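First comes the structure, then the notes that go with it.
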Amino acid sequence: MLIIQKQLSQADPYTVIKSSERISDNLAQIIYTTSFFDKVMNAKFNIDKSVFKSEESKKRKQWRDMIETRVVRGSGMLVVTVYHVDPKQAEQISRAIAFVLTTEGWQYIGGGDLDVKLVDEPHLSRFPVRPNIPANPLMGLVLGVIAGTGYVLAGARRHTVFGIPQ
């Protein structure tokens with residue numbers, strides 16, 4: 001999503017971009033809040049609300065684990081990534097987030113001079129993203145070799161070699 005502050009249209013480009021980055025940083029943190037979560041859930045999208053826990057602290061953790069935000073420096077762009085076991089639900093949640101930001105994002109910065117534009121439609125991955133199946137076994141192998149080597153080297157000091165105590 002592209003974040004534009006309307007009142008700064010007469011300012012120099014550097015100031016406009018820095019202002020957009022600051023607002024994007026704020027919005028990136030607002031997305032993790034309960035207030036924003038409630039607005040997303042109440043948006044008219046086909047989101048399965050039964051997936052979320054009823055206990056507030058668990059629901060907040062679940063929401064934080066499901067969403068990832070990133071501000072692209074020098075552009076005023078806010079990238080939101082949604083992780084869900086069902087790709088259709090991930091798409092619905094990302095569309096709801098975009099809807100809330102474009103229609104009500106101005107409420108979170110204290111003024112009506114904010115323009116949030118959706119520049120890319122949600123993109124669904126063909127393969128599971130979490131857990132990273134190729135990377136996890138490879139990392140396990142590397143860590144296993146390192147730990148095994150350390151164990152063997154530490155154990156070799158306590159044993160005798162050719163009948164001579166070490």
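Tabulated results
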read-out	value
Sole residue being within 27 Å of K61 (Cβ to Cβ) and at pLDDT below 80, chosen from S125, S94	S125
Qualifying residue in segment 105-120 (condition: under 20 Å from R22 (Cβ atoms) and among the acidic types (D, E))	yes
Of all residues making up segment 18-54, the number that are surrounded by 16 or more Cβ atoms within 10 Å (Cβ to Cβ), of a type in the set (V, I, T) and without any contact (Cβ under 8 Å) to a residue 60 or more places away in the chain	1
Boolean, I4 is within 13 Å of G105 (Cα to Cα) and touching a Phe, Trp or Tyr at 6+ places or on another chain (Cβ under 8 Å)	no
Residues of segment 1-54 satisfying the condition of being closer than 23 Å to P122 by Cα, modelled with pLDDT under 90 and of a type in the set (K, R)	K44, K49
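The values are calculated or read from the model by the stated rules, or taken from the named source; none is laboratory data. Because the structure is predicted, anything quoted here is derived from the model rather than measured. Cβ sites come from the backbone with ideal geometry, for glycine too, and all protein chains shown count toward neighbours.
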